[in-house]
Amino acid sequence: MPVLLPSILLVALAFGLTLLWLELGHRLRPASPLRLSSGAWRVQRCNAGGSSGEQGDAGSGGSVELSGSLTLRNPHPRMEVFVPELRVNPVLLGRGDLSALRVSTRVTPHHPDEDARSDGYWFAYILKGRKSTEVEVSVRISAAADVDLRSLLDTLWLEVFWINYGPFGRLERRDGLLVPLRKPGVLTEVEAPWREGERCRVLPIRTHLLGVLDDPEAVLQRYAGPLLQPGDILTIGETPLAVMQGRYHHPATVQPSMLARLLCRVFHPTSSLASACGLQTLIDVVGPARVLCAWLAGSAMKLVGLKGGFYRLAGDQARLIDDITGTTPPYDQTIVLGPHQPEDVCERLAAALGVGVAIVDVNDLGRVKVLAASQGCDEALLQRALRPNPAGNANERTPLVLVRPA
């Protein structure tokens, strides 16, 4: 025993130093402090003669014009960061063949200390510490007079490619935001297609494709507010809530570490952690030391017949991360995390709506997980009502489900 003790201490010391090395390497990685956000967008349709129509859904014939602003912010107190390149790529999602449409874009910087060039050229700009600047983006979608834009267009997915250049090196950033071009009508109690469940009634509620420009409370009020009655429970899927919170990113912006490349191979191929970028996303949230320890402990637990140890030890995000193809387009090309502070969100939404609110994760296999629920929600009722997965897992666009006790 006296001989064995020094060996155990050496192994423990080596393991501790390894964890420290992983954490330091993770925290000292090159990173840019710049943040990109978007304000409200204006959608305006013009007829073939050039006159403007009402703001809102995309029009019929003529063209559709969209305009909005992007804000670049540098929260660092001292670091100055260059933005030598910025461009946008509009991707249209529609309900038919969009090949006949013409799309043009214009990016106009509105820097506080430099005027934009009239030729549209983006010149390298220095964003100083604790400063911000705005960029105006205009998109015009046009077609021949015989093309019905109102019925054809659905959503604009705007990809923003921009370069951050500074003490951290040269980093390519890629962000995306969604601008709805049409929205479904709001259901009334008379036309609502209620489904009968086990001692309850269930109503999937259709919305437009949701994104960072949407406020969760406003979405729930618009589509579900007119239907709510005392005793109802309104559920929202965890992924739609997460994308409204902006908790998604393109894999091109992820830099997988050696740990992510090695450990991802041990997960089941259908797991969102089975890719280097998917696992690196979890590492970026909880740190490499916790992921490694969770994997080692989870592997040991498997040997004694206990499954799921890794996911319990690695934290909630280990189960909630959706890798590419895990969500509806255009988010199928991004990695989506679980929602932020779901308990607080439920309580805030419940207070605003006057009914119970729950955030859920449901699949076609009958698995119902209630991530968070406001006080007084009957989780047994939610299990019964949501087990048939009334919201679906395809492109139904019914992220809200209203549950009413029988």
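Read-outs: derived from the displayed coordinates by stated rules, not from any lab. Every value quoted in this text rests on a predicted model; they were computed, and no experiment measured them. Glycine gets a Cβ as well: all are built from the backbone with ideal geometry, and neighbour counts include every protein chain shown.
Between the stretch 25-40 and the stretch 355-406, what is the C-alpha centre distance in whole Å?
Each part's Cα centre sits 34 Å from the other's.
May I ask you to order 94-107, 225-238 by the average number of other C-beta atoms within 10 Å around their residues, highest value first? Don't jump to the answer; show the numbers that get you there.
Values: 94-107: 12.9, 225-238: 19.1.
With the highest mean Cβ count within 10 Å placed first, the list reads 225-238, 94-107.
To the nearest 500 deg cm²/dmol, what mean residue ellipticity at 222 nm is calculated for the chain from DSSP H runs of n ≥ 4 alone, each contributing -39,500 (n - 2.57), summed and divided by the residues?
On the way: 11 runs with 107 residues, N = 406.
Roughly -7500 deg cm²/dmol at 222 nm, from the helical runs in the chain.
Percent relative contact order of the chain, based on C-alpha pairs within less than 8 angstrom and at least six residues apart?
On the way: 802 pairs, mean separation 61.6, N = 406.
Normalised by residue count, the contact order of the chain is 15 percent.
Give a quick list of GluC sites (Glu not before Pro) in the stretch 332-406 that DSSP marks as loop, anything other than H, G, I, E or B, with at most 13 other Cβ atoms within 10 Å. Don't skip to the end; give the middle numbers.
Working: sites: E343, E347, E379, E396; in loops: E396.
Sparse-neighbourhood loop GluC sites (Glu not before Pro): E396.
Only helices at least 24 Å long along their axis, Cα-based, and averaging -0.5 or more on Kyte-Doolittle count here, so list those DSSP H runs from the chain.
On the way: long enough: 4-27 (35 Å, 1.55).
The qualifying helices are 4-27.
Where does each of 247-254, 115-122 land if you order them by average Cβ count within 10 Å, highest first? Before the final figure, lay out each step's value.
On the way: 247-254: 17.8, 115-122: 10.4.
Packing proxy ranking, top to bottom: 247-254, 115-122.
Return a whole-number percent for the relative contact order of the stretch 84-211, with Cα pairs under 8 Å and 6 or more residues apart as the contact set. Mind showing how you got there, number by number?
Working: 189 pairs, mean separation 34.8, N = 128.
Computed value for the stretch 84-211: 27 percent relative contact order.
For the stretch 300-406, which trypsin sites (Lys or Arg not before Pro) are in a loop by DSSP, counting at most 14 other Cβ atoms within 10 Å? Walk me through the intermediate numbers first.
Details: sites: K302, K307, R312, R319, R348, R367, K369, R384, R397; in loops: K307, R367, R397.
Sparse-neighbourhood loop trypsin sites (Lys or Arg not before Pro): K307, R367.
Ratio of the chain's C-alpha Rg to 2.2 N^0.38 Å, to two decimals? Walk me through the intermediate numbers first.
Numbers: Rg = 24.5 Å, N = 406, 2.2 N^0.38 = 21.6 Å.
Normalised Rg, Cα atoms only: 1.14.
Over all Cα pairs of the stretch 35-180, how is the pair count split among 10 Å bins, expressed in % and running from 0 up to the last occupied bin?
11, 38, 29, 16, 6, 0
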